[in-house]
Each structure stands twice: as structure tokens, then as C-alpha cells.
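So the structure is just underneath, and the comments pick up after that.
The values are calculated or read from the model by the stated rules, or taken from the named source; none is laboratory data. Owing to the predicted nature of the structure, the values given are computational and were not obtained by experimental measurement. Because the Cβ atoms are built from the backbone with ideal geometry, glycine has one as well, and the counts that use them run over all protein chains shown. All accessible areas refer to the heavy atoms of the entire protein, side chains included, with ligands and DNA or RNA removed. Shrake-Rupley method; radii C 1.70, N 1.55, O 1.52, S 1.80 Å.
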Amino acid sequence: PFKGYAYDFGEKFMDTKIKSVRTAEESHLKVYEEPSEIGHYVMGVDPAYGRSENQDRSVVQVCRCYSDRLVQVAEFASESPESYQVAWVMAHLAGIYKEIMLIVEVSGPGEATVLELKHLRQLFDAGALPAPANGGIEDLFGAARWYMYHRSDSPGAGYQLNWKTSLDNKLAIMNQLRDSVTLGMVEIRSIQCALEIQSMVQDGFVIEPAISTSKDDRVFGLAFAHRA
């Protein structure tokens, strides 16, 4: 079971509203578990058209982190939002789940999403955001921080924020996710995400859905969260 919500994006961030919906088809956001005050979370974000021209949905996966497993607690998936609106969804969910690490695919529109989120954070910290409209997003960011990527074969310093998919690191994160799913260390609650994972096949260095028209957005959002 989950609680379903739909975003009504306004012209400005603080005009955005969230409404409860009754069906899975209407749900942009599915919440499987309410936030815990002692919980630690991670958010994996795969913006539309970030990795390829066929990847046309923006996906945000939120998972709770334990010492021995990762549990999916919320999933946002939609074809409708613009890059800046994905940042608004991230800010909203980061405010809800508080102690959270963010990891975003920065290829393509992903960089625009990251820049918009940084801009919102600057406005929020400066007290420049106006009072929210009735039913708007009121709590922002929580204790959010960025994932810092470091090459596993590099002994020295050198970090970069977020994630930029390449052939090599795609194989790495997808095999890491497969290992953890096989060992029962990842609890997947989204049926759509489970079906997308089931459709993935590896042929040499290529990992993609068995049917070319199938989607993999939810899988990669989860793989990013798992990596972080």
C-alpha cells in the first residue's frame, strides 16, 4: 500500500501544491513509508533525457538507509515536469525526509536541475522566499547534502558532486544494485520499479531493457540511491 499524491506546479516554487489522489495512475508521488525522526535517507534522481533521448521520465527515488539494507520509502515518476520543477520536487522531499543525501544524474538537463536547487537553497538561506500559499510547500531541504563522487582507483583527493553516467560507471552501479537485490539487501516496494528491474538484461557491456521501448528510469534512480 502507498499514499498517492499529485503535484500542481505553479509559476513560482512557493505556489506549488500537493494534493492527495485516489488511484495509482494519478499519482506522481507514491509514499510507502512516512519519515522517521531517527531515519537516515538517500535520494536518487534521474531527470528526463539525462542519459539518453529515449529516457523521457523524471524519477526521484527516496530510500531509508540501514546498516544492512536499503528500503524504498517514496517514488516520484512523471513525464510532465520541467528541469526546474524536478528541483522543486527534490526540495519538497528533502524537507520531508530531513536527514538525506542527494545524488543527481547531471548529464543533459540534470545540471539545470542541480543549479535550480542550489538557487532555491540560496534564496531559502537568505530568507528571500515569500510566505507559502495555502497548501504549498512549507518545509525545505531539511539536513540535505550532496553525494560526493570519488574514483575507487584514486588514492588521493579529488571529489565531484553528484553523478555523470559513463559506460564504465554504469556497469558498476547496475552490478552493485543487482548484487544487493540478489542478497536481499534492497527492499523494493514499487511494483513498477520491480517490473523495470525484471526487464533489464546484460549483453556484454550493455545493460538495458530486453524490449527497446521499455523504460529504465526507476531502475537508474534506485541505482543512484543505492550507490550513495
Per-residue accessible area, 1.4 Å probe, largest first, puts T213, T165, T113 in the order T213, T165, T113
If each of V206 and R145 carries a label point 7 Å out from its Cα toward its Cβ, how far apart are those two points in nm?
4.1 nm
Calculate what fraction, in whole %, of the accessible area of segment 1-129 sits on carbon and sulfur atoms when a 1.4 Å probe is rolled over the protein chains.
48 percent
Counting only protein heavy atoms and leaving out ligands, DNA and RNA, the solvent-accessible surface of H40 at a 1.4 Å probe, in Å² to the nearest 10, equals 100 Å²
Taking amide H positions as placed 1.01 Å from N in the peptide plane, with prolines and chain starts having none, which residues 5 or more places from Y49, or on another chain, fall under 5 Å of its amide H?
Q55, D56, R57
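Ignoring GluC sites (Glu not before Pro) that are buried or in helix or strand per DSSP, and keeping those with at most 12 other beta carbon atoms within 10 Å, what is the longest stretch of the chain between them? Don't skip to the answer; put the middle values down first.
Working: sites that count: E11, E25, E26, E37, E53, E79, E138.
Within the chain, the longest run free of exposed GluC sites (Glu not before Pro) spans 139-228.
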Heads up, I need the accessible area for R227: 1.4 angstrom probe, whole protein in place, Å², nearest 10.
60 Å²
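How much accessible area per residue does the chain have, counting only protein heavy atoms and a probe of 1.4 Å, in square angstrom?
Values: 11720 Å² over 228 residues.
Ligands and nucleic acids excluded, the figure is 51 Å² per residue.
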Hey, if you put +1 on the Cβ of every Lys and Arg and -1 on every Asp and Glu Cβ in segment 109-228, which of F224, A143, W163 ends up farthest toward the positive end of that dipole?
A143
A210: net charge of surrounding residues, Cβ under 13 Å, Lys/Arg +1, Asp/Glu -1, itself excluded?
-3
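Once the Cβ-Cβ distance between Q198 and K19 is put in as r, and R0 is 41 Å, what FRET efficiency do you end up with, to the nearest 0.05?
Numbers: r = 31 Å, r/R0 = 0.77.
For Q198 and K19, the calculated efficiency is 0.85.
How much length is gained on full extension from A126 to E82, taking 0.36 nm per residue of separation minus their Cα-Cα distance? Each step should come with its number before you reach the end.
Numbers: separation 44, 0.36 × 44 = 15.84 nm, distance 2.50 nm.
Taking 0.36 nm per residue and subtracting the Cα distance, the gain is 13.3 nm.
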Can you show me the helix-derived [θ] at 222 nm for the chain, built from DSSP H runs with n ≥ 4 at -39,500 (n - 2.57) apiece and divided by the number of residues, rounded to the nearest 500.
-9500 deg cm²/dmol
